[in-house]
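One structure is given here, and the rest of the page talks about it.
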Amino acid sequence: MSTLSLPPDSRLLVVEDMDSLRLYLCETLEELAGVSQVVGVSDGIEALAAIAEAEQPFDLILTDITMPRMDGETLIGKLQEQRYPAALVVLSAHGQDDLIIRCMRGGAVDYLIKPVSINDLYTAVVAAVQHAPDPEIDIHVDYDPFGWFEVCGTSSYSVLYRYRRFLGLLSKLHIPEEVANEVRLALEELGRNAIEWGNRGQRDKRISLSCRILPSKVILVITDEGEGFDPRILPDPSHDPIGHIEQRQKEGKRLGGYGIHLVRNIMDKITWNDAGNKVIAVKYLHPRS
């Protein structure tokens with residue numbers, strides 16, 4: 001049994017047209033700690049009916065894409081129109097880039113490609129509920145088939161989480177897994193810095209997360225609306241870790257510098273604009289002389 005858990009009395013809706021798989025998913029998710037109810041339906045029409053009849057909103061909707069009568073994409077569109085508050089996870093056998101992007105634009109928090117392990121399913125469901133998008137969060141998704149993927153939106157961890165998850169799906173098809181992991185880690189650190197240090201956690205400020213995947217390199221661009229900073233004066237915490245911590249505490253500041261130090265070591269190039277609120281990080285896909 002997984003040690004992962006959802007908030008108490010969590011209610012889940014499974015939308016899957018294959019009877020045996022729907023039953024398996026429902027029984028599997030019922031074993032997840034914190035779940036009080038799992039409802040299974042066979043298509044989008046039944047899903048909307050279950051939503052309308054429910055006394056309380058579902059916390060998560062797990063939906064297939066290819067289904068009779070009303071498919072998953074149409075259902076996602078209906079939920080977006082309703083500004084339905086549930087976390088939305090797609091589970092599909094199809095992994096085309098354009099389909100993945102359309103689901104993200106529709107509000108999906110995660111996209112799982114069949115077959116999926118129980119542990120991966122549990123992890124995705126729990127994380128999706130934790131990062132469920134606020135219907136009031138503004139998010140704009142831009143993508144082209146030449147490798148450019150950009151999300152602009154409210155400065156929140158929900159937006160960062162969704163971008164990181166979907167970028168991971170897209171990059172799997174184009175770059176080695178080891179490089180993809182390093183790029184996602186760099187994105188996580190730089191994105192958190194933009195939210196916490198750049199925008200100071202202010203929800204009225206926006207963040208832009210961009211990535212371009214080229215044959216020779218991957219380029220990350222993260223921009224915030226903060227006042228910026230001078231990266232040249234940022235100390236290297238690896239020189240004196242204890243002294244660094246003590247100095248930050250003495251100045252009444254949060255710990256800082258570790259994330260950027262890590263990114264500088266895993267990416268091949270990292271630069272800021274003059275204002276210090278836009279960072280560009282580059283990872284080469286092949287060894288350079």
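The values are calculated or read from the model by the stated rules, or taken from the named source; none is laboratory data. Nothing here was measured: the structure is a model prediction, and the numbers come from that model. Virtual Cβ from ideal backbone geometry, glycine too; neighbours counted across all protein chains shown.
Say we look at region 252-275 and pick out the residues that are assigned to a helix (DSSP H, G or I) and under 17 Å from Asp224 (Cα atoms); which of these is modelled with the highest pLDDT? If you could, list the steps in order and put the result at the bottom.
Let us first name the residues in region 252-275 that are assigned to a helix (DSSP H, G or I), namely 258-266.
Remaining after also requiring under 17 Å from Asp224 (Cα atoms): 259-260.
Working: Gly259: 72, Ile260: 80.
My answer is Ile260.
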A careful count of residues in region 180-205 that are touching a strand residue (DSSP E or B) at 6+ places or on another chain (Cβ under 8 Å), surrounded by fewer than 18 Cβ atoms within 10 Å (Cβ to Cβ) and either among the aliphatic types (A, V, I, L, M) or within 20 Å of Asn273 (Cα to Cα) (or both) gives 1
Subset of region 141-166, residues touching a residue at least 24 places away in the same chain (Cβ under 8 Å), in contact with an Asp or Glu (Cβ under 9 Å, 6 or more places away or on another chain) and not in a helix (DSSP H, G or I), comes to Val141, Tyr143, Pro145, Trp148, Phe149, Glu150, Val151, Cys152, Gly153, Thr154, Ser155, Ser156
**OP:** Restrict the check to region 36-46 and report whether at least one residue is within 20 Å of Pro8 (Cβ to Cβ) and either crowded, with 21+ Cβ neighbours inside 10 Å or in contact (Cβ under 8 Å) with a residue 40 or more places away in the chain (or both).
**Re:** yes
Review point. Modelled with pLDDT under 90, outside any strand (DSSP E or B) and within 19 Å of Met267 (Cβ to Cβ), is that true of Gly228?
Key: no
Okay, helices (runs of 4 or more DSSP H) sitting entirely in region 42-119 with 2 or more residues that are over 30 Å from Gly147 (Cα atoms) and not aromatic (Phe, Trp, Tyr), I get 44-53
Residue set Tyr157, Tyr111, Tyr143; condition under 27 Å from Ile270 (Cα atoms), under 14 Å from the mean Cα position of the chain (by Cα) and among the aromatic types (Phe, Trp, Tyr); output residue Tyr157
